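Written below as structure tokens is the structure these notes are about.
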Amino acid sequence: MKLAMIGFGQAGGKIVDRFLEYDDRTDGGIVRAAIAVNTAKADLIGLENIPQENRVLIGQARVKGHGVGADNELGAEVAEEDIDEVQNAVDAIPTHEVDAFLVCAGMGGGTGSGGAPVLAKHLKRIYTIPVYGLGVLPGTDEGGIYTLNAARSFQTFVREVDNLLVFDNDSWRQTGESVEGGYDQINEEIVRRFGILFGAGEVGEGQDVAESVVDSSEIINTLSGGGVSTVGYASEDVELTGGGGGLLARFTGGTGNGPEDGLDAANTTNRITSLVRKAALGRLTLPCEIDGTERALLVLAGPNEYLNRKGIERGRKWLEEETGSMEVRGGDYPLDDPEVSAAILLSGVTNVPRIKRLQQVAIEAQENMEDIQAESQQNLETLVEDEEDELEPLF
């Protein structure tokens, strides 16, 4: 699937930057064009892979390149005012070669959470290809203002895109981890999962062709109907060449003498089915109950000799039963990696306790902020009060 990726704000720009690095490293060919949009000049300078001419600084008249200070209402206003500058960069994209736009943003800050929904609305008005969002939720320990931003942005963003793919930082931050190290790891998790999904169906020179190809239309059909999506992922190492037992034997149940000796079909089938279950029931990008999922897509990636067709079919059938969905697509993606991985896209999820909790915390934060502002105004008036009315103000 060929994507035009636009990173809005600091987190969005870093994700798109990492996608380009991943694309180059894996020779994936997913990113057809990449743009970063920001109100902070320093954030754009810090990017490594997005071309200079595709880095768009907006809001210079309002914030002078210093960002919007976590004010996502200001972020939305600036995006509205300077949308033509973003459009100039988008005009350079050969959209006839692109399957979809993917607008990436952190939803807790100001620029991305405010501007990304504005851009999505603009793109949908002009182009006929789908516009998807990739939104990153802040951790609950990041503070009330970021939670409030995320709740308001989520509510807006999900209505303006054809589907909103969500990644929840809360589920992925590790205790004792540095902020920079934590976000680096999170971004790597994001691109690995979405890289497998969006990369499926691409065939390079000399690569094996999938038995059951997952092309862009499968992904588009899975994401159609809108709503919120989450992605599950699991992988297991295998050996590409001969070796005495070890991981190959663990995956195949065989002797470990390499694929050329033939794989234990029954055991490989079971291993793939187990991998599918692990991907669906393990750590999702957005934790949720998978029962009630409207549509799903299963991609099994790895060396061709390990992609057992029967295992994929059985995994797909199991996913149908678990989600209760009649629309579960599936296929394989031959890669030369020394691992077999399962990526599962669950689209149209509705039983998401994290979103309900986010909204509740945001409502409380909003009420608290209103109380604090009212109290602050009262305290200021008490401080400067002239009880005897002896002082005259200057004007």
(message) Explain nothing, just the number: dipole magnitude of the chain about its Cα centre with +1 on each Lys and Arg Cβ and -1 on each Asp and Glu Cβ, in debye rounded to the nearest 20.
(response) 1900 debye
(request) Could you check the simple spin-label distance between Asp337 and Leu281, using points 7 Å along Cα→Cβ, in nm with one decimal? (result) 2.3 nm
(message) For Cα pairs less than 8 Å apart in space and 6+ apart in sequence, what is the mean separation divided by the residue count of the stretch 272-376, i.e. the relative contact order in percent?
(response) 38 percent
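From the helices alone, meaning DSSP H stretches of at least four residues, give me the mean residue ellipticity at 222 nm for the chain, per-run term -39500 (n - 2.57), in deg cm²/dmol to the nearest 500. Intermediate results must be reported in sequence, preceding the final value.
Details: 13 runs with 178 residues, N = 395.
For the chain, the value works out to -14500 deg cm²/dmol.
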(message) Checking the cross-link filter: which lysines have an alpha carbon closer than 29 Å to that of Lys41, excluding same-chain neighbours under 8 positions apart?
(response) Lys2, Lys14, Lys64, Lys121, Lys124
(message) Suppose a student asked you for the relative contact order of the stretch 13-71, using Cα pairs under 8 Å spaced at least 6 residues apart; what percent would you report?
(response) 34 percent
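With an 8 Å cut-off on Cα pairs and a minimum separation of 6 or more residues, tell me the relative contact order of the chain in percent. Mind dumping the intermediate values first?
Working: 843 pairs, mean separation 57.2, N = 395.
Relative contact order of the chain: 14 percent.
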(request) Within the stretch 18-101, list the GluC sites (Glu not before Pro) lying in a DSSP loop whose Cβ has at most 16 other Cβ atoms in a 10 Å radius. (result) Glu48
(request) With all protein chains present, calculate the accessible area of Thr350 using a 1.4 Å probe and round the result to the nearest 10 Å². (result) 100 Å²
(request) Under a 10 Å cutoff between Cα atoms, tell me which one of Ala61, Ala79, Ala70 has the largest fluctuation in the Gaussian network model of the chain. (result) Ala61
(message) Give the residue list of GluC sites (Glu not before Pro) in the stretch 315-389 that are DSSP loop and have at most 13 other beta-carbon atoms within 10 angstrom.
(response) Glu385, Glu387, Glu388
(message) Going 7 Å from the Cα of Leu383 along its beta-carbon direction, which residues of the stretch 129-146 have the amide nitrogen within less than 20 Å of the resulting point?
(response) none
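Evaluate 2.2 N^0.38 Å with N set to the residue count of the chain, then give the Cα radius of gyration divided by it. Spell out each step's value before the answer.
On the way: Rg = 24.0 Å, N = 395, 2.2 N^0.38 = 21.3 Å.
In units of the globular-protein estimate, the chain measures up at 1.12.
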(message) Only Cα pairs within less than 10 Å get springs; with that Gaussian network setup on the chain, which residue of Thr39, Thr285, Thr26 has the largest fluctuation?
(response) Thr26
(request) Among DSSP beta bridges whose residues both lie in the stretch 1-150, state the antiparallel percentage, nearest 5. (result) 5 percent
(message) Under the 0.36 nm per residue contour assumption, what length would be gained going from the current alpha-carbon distance of Ser376 and Leu391 to full extension?
(response) 3.1 nm
(request) Mind jotting down the three principal axis lengths of the stretch 2-61 based on Cα atoms? Whole angstrom, largest first. (result) 40, 18, 18
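What do you reckon, how do Asp99, Asp337 stack up by accessible area (1.4 Å probe), largest on top? Could the numbers behind the result be given before it?
Values: Asp99 45, Asp337 65 Å².
The residues order as Asp337, Asp99, largest area first.
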(request) Report the residues of the stretch 93-112 in range of a label on Glu21: point 7 Å along Cα→C-beta, backbone N strictly under 18 Å from it. (result) 104-106
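Rounded to the nearest angstrom and ordered from largest down, what semi-axes does the equivalent ellipsoid of the stretch 273-324 get from its C-alpha gyration tensor (root of 5λ)? Please report the intermediate quantities before stating the final value.
Details: eigenvalues 85, 32, 14 Å².
In descending order, the three semi-axes are 21, 13, 8 Å.
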(request) With both partners inside the chain, how many of the DSSP beta bridges are antiparallel, as a percent to the nearest 5? (result) 30 percent
(message) Under a crude label model (7 Å from the Cα following the beta-carbon direction), how far is Val213 from Asn270 in nanometres?
(response) 3.5 nm
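Ranked by accessible surface with a 1.4 Å probe, highest first, in what order do Arg55, Arg152 come? If you can, show how the numbers build up before the last one.
Numbers: Arg55 40, Arg152 100 Å².
Listed by decreasing accessible area, they come as Arg152, Arg55.
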(request) Using +1 at the Cβ of each Lys and Arg and -1 at the Cβ of each Asp and Glu in the chain, identify which of Gly13, Thr285, Gly67 lies farthest towards the dipole's positive end. (result) Thr285
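The values are calculated or read from the model by the stated rules, or taken from the named source; none is laboratory data. Here the structure is a predicted model, which is why all the values come from computation and not from measurement. Reconstructed Cβ throughout: ideal geometry from the backbone, glycine too, with neighbour counts over all protein chains shown. Calculation scope for accessible area: heavy atoms of the full protein, side chains included, ligands and nucleic acids excluded. Shrake-Rupley method; radii C 1.70, N 1.55, O 1.52, S 1.80 Å.
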